[in-house]
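Below: the structure, in structure tokens.
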Amino acid sequence: MKYVLIVVLFFLSVSFAANAQHAPFYGEIQTFKKQDSINPPPKHAILFVGSSSFRKWTDVQQYFPGYTIINRGFGGSTLPDVINYADDIIFPYEPKQIVIYCGENDLATSDTITAATVVNRFKALFFLIRDRLPDVPLVFVALKPSPSREKLWPKMEEANKAIKIFLKKKNNTSFADVYHKMFKRGSLKKGIFIEDNLHMNANGYAIWQKVINPYLLKDK
């Protein structure tokens, strides 16, 4: 716990410095803020936050009728990016639930990034959220097996397993295992990715919908 809190403080210090220099994805975050000022999103919605697998899920609301969704996936973000912009894209919305997809890009940035690095970064984000929103349920969506990143699959499986174990020990948390649902008889399902073999098409998102839906809190 002490180590994780130190990591959180480190990322917060990086955040202040990065903001002063217009950190990566600054423009996207400013666009979100401008949109919010023109058309404020509802408070206490379900917040989807993370990287481009959420950003490209532009019709996510249609997949989850009966729920109010705010999608704040941005760029090809990493977990440090989400931490950096938490005050802009997480806390202002006062979400009733947070769904996170992030960590895949962390592994892709460098061969030196290990599964343990991703797990520790996720823990830093988790404790940052818990400090400000202690009772908000949190769902982590497992890192997906993108064909273009097949060499990273072992690291993804290791990170997924460790995060799942970590969350089992925490209250109000869930682990949405989309990773294994994207396989059939040991092989990755066909026709679920677009041409870049990194991002999903509607068939891929349909798999995610079935996995994630049981964990979401319905509107009252």
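Couple of notes before you dig in:
- Carbon/sulfur fraction of accessible area - the stretch 112-220, other protein chains in place, 1.4 Å, %: 50 percent
- With every protein chain in place, the stretch 46-93: carbon and sulfur % of accessible area (1.4 Å): 45 percent
- Volume per residue for the stretch 16-94 equals 90 cubic angstrom (convex hull of Cα atoms).
- Remark: the stretch 191-207, residue by residue, has Karplus-estimated 3J(HN,Hα) of x, 10, 10, 7, 4, 6, 6, 10, 9, 8, 9, 4, 5, x, 5, 5, 5 Hz, where x stands for each Gly or Pro and the curve is 6.51 cos²θ - 1.76 cosθ + 1.60 at θ = phi - 60°.
- Per residue solvent-accessible surface (Å²) - the chain, probe of 1.4 Å: 49 Å²
- For the stretch 156-201, the Cβ-based charge dipole about the Cα centre amounts to some 360 debye (Lys, Arg positive; Asp, Glu negative; other atoms uncharged).
- About its Cα centre, the dipole of the chain is roughly 800 debye, where the only charges are +1 on Lys and Arg Cβ and -1 on Asp and Glu Cβ.
- Amide H partners (placed H, <5 Å) of Gly73, local residues excluded: Gly50, Arg55
- Residues whose amide H comes within less than 5 Å of that of Met200, counting only those at least five positions distant or on another chain, are Ile194 (H built at 1.01 Å from N in the peptide plane).
- Ranked by the mean number of other Cβ atoms within 10 Å of their residues, highest first, the peptides 47-55, 59-67, 200-208, 84-92 fall in the order 47-55, 84-92, 200-208, 59-67.
- Projecting label points 7 angstrom from Cα along Cα→Cβ for Lys164 and Asp36 puts them 3.3 nm apart.
- Across the stretch 98-109, computed HN-Hα scalar couplings (Karplus, 6.51 cos²θ - 1.76 cosθ + 1.60, θ = phi - 60°) run 10, 10, 10, 10, 6, x, 4, 5, 4, 5, 7, 6 Hz from first to last residue, x flagging Gly and Pro.
- Farthest towards the positive end of the charge dipole of the stretch 112-188, among the residues Pro137, Ile113, His180, is the Cα of His180, using unit charges on the Cβ of Lys, Arg, Asp and Glu.
- Close amide H contacts of Thr173 (hydrogens built in the peptide plane, cut-off under 5 Å, sequence separation of 5 or more or a different chain): Leu138.
- Label assignment, log10 I(q)/I(0) by the Debye sum over Cα atoms at q = 0.08, 0.15, 0.17, 0.18 Å⁻¹ derived from the structure, set (i) -0.26, -0.96, -1.23, -1.37; (ii) -0.26, -1.00, -1.33, -1.51; (iii) -0.29, -1.09, -1.40, -1.53: (ii)
- For the stretch 67-72, the Karplus equation 6.51 cos²θ - 1.76 cosθ + 1.60, evaluated at θ = phi - 60°, returns couplings of 10, 9, 10, 10, 9, 10 Hz by residue, with Gly and Pro reported as x.
- Cα gyration tensor category, rounded, prolate or oblate, for the stretch 153-220 with a/c compared to 1.5: oblate
- Point-charge dipole on Cβ atoms (K/R +1, D/E -1) for the stretch 107-220, about Cα centre, debye to 20: 420 debye
- Label positions at Glu94 and Ile194, each projected 7 Å from the Cα along the C-beta direction, are separated by 3.5 nm.
- The Cα center of the stretch 70-132 and the Cα center of the stretch 151-220 differ in position by 16 Å.
- Distance between the 7 Å Cα→Cβ label points at Ala116 and Gln209: 4.1 nm.
- Ranking of Arg132, Arg72 by solvent-accessible surface, largest first: Arg132, Arg72 (1.4 Å probe, protein heavy atoms only, all chains present).
- Extension gain (nm, one decimal) between Arg130 and Leu217, 0.36 nm per residue minus Cα-Cα: 29.5 nm
The values are calculated or read from the model by the stated rules, or taken from the named source; none is laboratory data. Keep in mind the model is a prediction, meaning the values are calculated, not measured. Every residue, glycine as well, gets a Cβ built from its backbone with ideal geometry; the counts of neighbours run over all protein chains shown. SASA here: full protein model, heavy atoms, side chains in, ligands and nucleic acids out. Shrake-Rupley method; radii C 1.70, N 1.55, O 1.52, S 1.80 Å.
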